[in-house]
Amino acid sequence: MTDLRHPIFARLYPRLDAKAGGDAHRAELLDGAAGRVLELGAGYGANFPHYPAQVTEVVAVEPEPRLRALAARAAGAAPVPVTVLPGVAEDLELDDASVDVAVASLVLCSVRDPVRALAELRRVLRPGGELRYYEHVRGRTARKARFQRYADLGWPFIAGGCRVSRPTDEWIARSGFTVRRERRFEFPPTRMPNPASPHVLGLAVRD
């Protein structure tokens, strides 16, 4: 099964994401990427305009059919060759050590088995290959983490399976990767409580 349908989320997400304005984060995420790239959970293709010319190919995997169709349309305007495929994070149909860079952008919060997904990303990366990640992450304060745990009782049902309380940065560091750089920040900045505001943006290398 390579289709995971979230029809309401798929209709709303492109508009909400564009309104949030994360282009600067996406550009930072992809700056310096080169060679063959796997993008996990490409969504509607928001990352595609930000791939630098040094990227020779992007294989973009997206399990949600409506979002995948939007990504295929966006691929036509991308500055580098992009192929959009169905697929799930836990069972990637790529050969071992076949990509130079793996990109996980606001996706590991929603996959069913993130630890297995990270193992798959490590498998398809060549030794020394890069994992570039931009993800929701568990807050650092006990109060924020508690708020996120309560939010996760309902948040996944309205946000395409996203669970905001996952310690994704910790899982990456324990999954056969060496973290080279990483920064945490709140986004979007708001005075209203937002369980999805803690983010991490980083680069790790396959050991």
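A few comments on the model shown:
- Packing-based order for 142-149, 160-167, using average beta carbon neighbours within 10 Å, highest first: 160-167, 142-149
- The distance between label points at residue 191 and residue 126 comes to 5.2 nm (points 7 Å beyond Cα on the Cα→Cβ vector).
- Accessible surface calculations at 1.4 Å, restricted to protein heavy atoms, place segment 142-182 at 62 Å² per residue.
- Of all accessible heavy-atom area on segment 97-207, the percent that carbon and sulfur account for (1.4 Å): 52 percent
- 222 nm mean residue ellipticity, helices alone, for the chain (DSSP H n ≥ 4; -39,500 (n - 2.57); rounded to 500): -9000 deg cm²/dmol
- Computed E for residue 90/residue 141 - FRET, C-beta separation, R0 30 angstrom, nearest 0.05: 0.45
- Note on the chain: percent of Cα-Cα distances in each 10 Å bin, starting at 0 and stopping at the bin with the largest distance, equals 9, 37, 40, 13, 1.
- Under the simplified labelling scheme, the residue 57-residue 31 pair shows an inter-label distance of 2.9 nm, with each label point 7 Å from Cα along Cα→Cβ.
- Relative contact order of the chain, taken over Cα pairs closer than 8 Å and 6 or more residues apart, is 19 percent.
- Computed from phi, the 3J(HN,Hα) profile of segment 147-155 under the Karplus parametrisation 6.51, -1.76, 1.60 (θ = phi - 60°) reads 4, 5, 4, 5, 4, 5, 5, x, 4 Hz, with x in place of Gly and Pro.
- Extension reserve of the residue 5-residue 150 stretch, reckoned as 0.36 nm per residue once the Cα distance is removed: 49.8 nm
The values are calculated or read from the model by the stated rules, or taken from the named source; none is laboratory data. The structure presented is a predicted model; accordingly, all values stated were derived computationally and were not measured. In this analysis, Cβ positions are derived from the backbone assuming ideal geometry, glycine residues included, and neighbour counts consider all displayed protein chains. What goes into the accessible areas is simple: the full protein's heavy atoms, side chains included, and nothing from ligands, DNA or RNA. Shrake-Rupley method; radii C 1.70, N 1.55, O 1.52, S 1.80 Å.
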